[in-house]
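Trainee: Would you mind keeping the following structure in view while I ask a few things?
Values quoted throughout were computed directly from the atomic coordinates according to the rules given, and no laboratory measurement underlies them. This one's a predicted model, so the numbers in the text were calculated from it and none came from an experiment. We place every Cβ from the backbone using ideal geometry, glycine too, and count neighbours over all the protein chains shown.
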Amino acid sequence: MKNRPTTVPTDLIAPCGMNCCLCWGYIRDKNSCPGCLRNSPDPGQKAKYRSSCKIRNCEILAKSEMKYCSDRCNHFPCARLKQLDKRYRTKYGMSMIDNLKMIKNHGIRHFIRDQKDQWTCQKCGQLLCVHKPTCPSCGHKWQCNKATSL
């Protein structure tokens, strides 16, 4: 498993509000994603999902100075983001829309602190993976909080 940061860099927060440090695509060793806003160290390697993600490659984001979907976008939350949000709330107990609202209302630093508090393994203190029910660092079983509103 790759060395994971102990703090979450702001460029590992995706335009959709996903914390890439919690994503299995970023954490895994084989064909790992560098993060939605980072360039791959190997220019020939592109994460398949990242290159096809309609939110990351949104034409509105591309034509503007916006970093996140919630930054002055008249379509926020768009149908694509609502669909992603519904899937993540249902399967993983995380809301991309709530994440983006927190970033917009409280700032990126507050959001990152909240993410660290919410997604840290109680056993080893490392960041969890939103997609896996066990800590990728120590194997401790954890249960996601699916109490977010639908």
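Trainee: Taking 7 Å along the Cα-to-C-beta vector as the label spot, tell me the Asp29-Arg109 distance in nanometres, rounded to one decimal.
Mentor: Placing both labels 7 Å beyond Cα along the Cβ direction yields 3.7 nm.
Trainee: While we're on this one: What net charge is computed for the residues neighbouring Glu65, neighbours being all others with C-beta under 13 Å from the C-beta of Glu65, Lys and Arg scored +1, Asp and Glu -1?
Mentor: Neighbour charge sum, excluding Glu65 itself: +2.
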